[in-house]
1. How much net charge surrounds V40 when only other residues with a Cβ under 15 Å from its Cβ are counted (Lys, Arg +1; Asp, Glu -1)?
2. Compute the length gained on full extension between D66 and R89: take 0.36 nm times their separation in residues and subtract their Cα-Cα distance, giving the result in nm to one decimal.
3. Report, in degrees rounded to the nearest 10, the 0 to 90 angle that the Cα long axis of helix 78-91 makes with the longest principal axis of the chain.
4. Angle, helix 2-26 long axis vs. longest principal axis of the chain, Cα atoms, 0 to 90°, nearest 10?
5. Which value in deg cm²/dmol, rounded to the nearest 500, describes the helix-derived mean residue ellipticity at 222 nm for the chain, given -39,500 (n - 2.57) per DSSP H run of n ≥ 4 and division by the residue count?
6. In the P(r) worked out for the chain, what percent of Cα pairs fall beyond 24 Å?
Amino acid sequence: FFGGIKLGAGGLVRAYGGAASSCLRTAPRVKVVPRSEIHVSCEPTFIGIIYRTLSGLQDLNTSYCDDGSVIITAKAPSTDANKLKEQIRSATQARAEVEIRDASPDMTDEGS
């Protein structure tokens, strides 16, 4: 009530615009990297090959199924996902099933 009537529309725009501008200037910059989840289903004999191919990726997890198969998941930059899929399929002679799913983006701090 007080600010709107006393300052008027133009005064409010100047007051809040300056505050918003100041916040944006001082806020840390964040780079958003689109990520994909890679799901690999394979025989246990291929675990080493797949781990080497996916080494260095985020959230590398392994699950063992009742039927003896293994499911390995990891998050990779979306730009690399298809290349990794082809590397796994080639290294396992297409005996590993690879599925790529969209994942939430990863944000990395780039400083100010």
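1. After counting each charged neighbour, the total is 0.
2. On the way: separation 23, 0.36 × 23 = 8.28 nm, distance 2.31 nm.
Answer, rounded to one decimal: 6.0 nm.
3. 0
4. Compared with the principal axis, the helix lies near 40 degrees.
5. -14000 deg cm²/dmol
6. 48
Every number in this text was worked out from the coordinates using simple rules, so none of it is lab data. These numbers come from a predicted model, not from an experiment. We place every Cβ from the backbone using ideal geometry, glycine too, and count neighbours over all the protein chains shown.
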